[in-house]
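Remarks on the structure that follows.
The values are calculated or read from the model by the stated rules, or taken from the named source; none is laboratory data. Keep in mind that this is a model prediction, so the values were computed, not measured. Positions of Cβ are backbone-derived with ideal geometry, glycine not excepted, and every protein chain shown enters the neighbour counts. Note: areas computed on protein heavy atoms with side chains; ligands, DNA, RNA excluded. Shrake-Rupley method; radii C 1.70, N 1.55, O 1.52, S 1.80 Å.
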Amino acid sequence: MRIRVVRPDHPEVSEVIASEHCVLRFRKRRRIRAAGFAAVEEALREAFEQADLTRWAPTWVDSDRSTAMWALVDDLAFPLTPAGAPGSWLATTCLVRPRVG
């Protein structure tokens, strides 16, 4: 159940792979209710294509988390870990910015 997105525009990240856990969390956080895999796959692919890929964690994420790379889009943060081949990264989960107020 992995989704792969190729990012040739980034010097350190050529590919992002979403783990099954990441896919499930993304579906829940984006409230994707459509049955099946196609709707969540399309939304997650779009999110990764638009994401800002950076080594800086967003300020709202627990600072104790040691993550080498992040994919940030809208109110979501995907911690990335190396996935073997150079430039290949695994999104292990999907975090959402807490609502204030």
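Against the conditions (1) open to solvent by 20 Å² or more (accessible area, probe 1.4 Å); (2) over 16 Å from Ala18 (Cα atoms), Val61 satisfies every one except (1).
Can you tell me which residue within the stretch 64-91, out of those that are of a type in the set (Gly, Ala, Ser) and touching a Lys or Arg at 6+ places or on another chain (Cβ under 8 Å), is surrounded by the fewest Cβ atoms within 10 Å (Cβ to Cβ)? Let's see the steps before the verdict.
Step one: of the stretch 64-91, the residues of a type in the set (Gly, Ala, Ser) are 66, 68, 71, 77, 83-85, 87-88, 91.
Within this subset, residues satisfying the condition of being touching a Lys or Arg at 6+ places or on another chain (Cβ under 8 Å) are 68, 77.
Numbers: Ala68: 11, Ala77: 24.
Checked the stretch 64-91; the qualifying residue surrounded by the fewest Cβ atoms within 10 Å (Cβ to Cβ) is Ala68.
Look at the stretch 13-51 and say how many of its residues are touching a strand residue (DSSP E or B) at 6+ places or on another chain (Cβ under 7 Å), in a loop (DSSP other than H, G, I, E, B) and farther than 13 Å from Phe78 by Cα. Of the residues in the stretch 13-51, 2 are touching a strand residue (DSSP E or B) at 6+ places or on another chain (Cβ under 7 Å), in a loop (DSSP other than H, G, I, E, B) and farther than 13 Å from Phe78 by Cα.
How many residues does the stretch 18-33 hold that are over 15 Å from Leu80 (Cβ atoms) and open to solvent by 50 Å² or more (accessible area, probe 1.4 Å)?
Number of matching residues: 8.
Residues that are under 12 Å from Glu15 (Cβ atoms) and out of contact with any Leu (no Cβ under 8 Å at 6 or more places or on another chain) do occur in the stretch 64-85.
Remark: pairs (first residue in the stretch 39-60, free of Cβ contacts under 8 Å to residues at least 40 places away in the same chain and within 23 Å of Pro82 (Cβ to Cβ); second residue loosely packed, with under 15 Cβ neighbours inside 10 Å and charged (D, E, K, R); Cβ separation under 7 Å; 6+ apart in sequence or on different chains) = Ala57/Arg65.
Sub-7 Å Cβ pairs linking a first residue in the stretch 72-88 that is on the phi > 0 side of the Ramachandran plot to a second residue that is surrounded by 15 or more Cβ atoms within 10 Å (Cβ to Cβ), at least 6 apart or interchain, are Gly87/Val13; Gly87/Ser14; Gly87/Glu15, ordered by first then second residue.
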